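The values are calculated or read from the model by the stated rules, or taken from the named source; none is laboratory data. Being a predicted model, the structure only gives us computed values, none of them experimental. We place every Cβ from the backbone using ideal geometry, glycine too, and count neighbours over all the protein chains shown.
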């Protein structure tokens, strides 16, 4: 079984730096529903899996993300599964700063509706009304309209995740996502932490982009959206 703090990132974040926004107990936790569906168990023991199962809403899903193969407790089913990649940047690439990055602005609470609208349109990953409260989010606006953003999500001792990276379809191809990802990562490094992130293993374009900033692949990650099994017992 894996032992690195980032191997079970949701559990380790919610058990430490982000426990104030966690629901659950000593063996499994999830982010508050208004923040997002990410959840994790401390391990794959029966007691931890049973506690994880209790966190799954009756009419929705939780998202599991971990280096170990995902073990589902009785009564849960995986609605989707995928392989992801976890990347870390001990040192950012020289020359990552661009004109776009320097033009990025810290997004205030008042921009939360615009952030949610952009994320809903572009689907960078789980993003809910309360997601922007997890850390700094930076964006670029054109004509007063938010066209690109990037921010922070999971936080650990010594690490912070870069997340919510997205660009409006009409503004793609101009390096905005790269610039804002570099800006967020640089802010994390300035705090003495290591930036890390996740992307799907099939998203080769994103992987190349992050590698150009100095991120390297640390490990493969298993991803699954899980729900309660609607089938009656015995069928």
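I'm told residue 148 meets every condition in (1) surrounded by fewer than 23 Cβ atoms within 10 Å (Cβ to Cβ); (2) closer than 25 Å to residue 31 by Cα; (3) over 15 Å from the mean Cα position of the chain (by Cα) except one. Can you identify the failing condition by its number?
(1)
So, residue 167, is that one over 20 Å from residue 196 (Cβ atoms) and modelled with pLDDT of 95 or more or not? Spell out the reasoning first.
Numbers: over 20 Å from residue 196 (Cβ atoms): yes; modelled with pLDDT of 95 or more: yes.
It is true that residue 167 is over 20 Å from residue 196 (Cβ atoms) and modelled with pLDDT of 95 or more.
Which ones in segment 178-196 are without any contact (Cβ under 8 Å) to a residue 60 or more places away in the chain and buried (at least 24 other Cβ atoms within 10 Å of the Cβ)? It would help to see each step written out before you state the result.
First, the residues of segment 178-196 that are without any contact (Cβ under 8 Å) to a residue 60 or more places away in the chain: 181, 184, 187-188, 190-193.
181, 184 - these are the residues of segment 178-196 that are without any contact (Cβ under 8 Å) to a residue 60 or more places away in the chain and buried (at least 24 other Cβ atoms within 10 Å of the Cβ).
Which residue, of 143, 175, 164, 214, is out of contact with any helix residue (DSSP H, G or I) (no Cβ under 9 Å at 6 or more places or on another chain) and on the phi > 0 side of the Ramachandran plot? Quick ask: steps written out before the conclusion?
Working: 175 fails: out of contact with any helix residue (DSSP H, G or I) (no Cβ under 9 Å at 6 or more places or on another chain); 164 fails: out of contact with any helix residue (DSSP H, G or I) (no Cβ under 9 Å at 6 or more places or on another chain); 214 fails: out of contact with any helix residue (DSSP H, G or I) (no Cβ under 9 Å at 6 or more places or on another chain).
The conditions single out 143.
So which residues in segment 152-177 are under 16 Å from the mean Cα position of the chain (by Cα) and either in contact (Cβ under 8 Å) with a residue 40 or more places away in the chain or more than 17 Å from residue 114 (Cα to Cα) (or both)? If you could, list the steps in order and put the result at the bottom.
Looking only at segment 152-177, we keep the residues that are under 16 Å from the mean Cα position of the chain (by Cα), and these are 152-156, 159-166, 177.
Correct list: 153, 154, 155, 156, 159, 160, 161, 162, 164, 165, 166.
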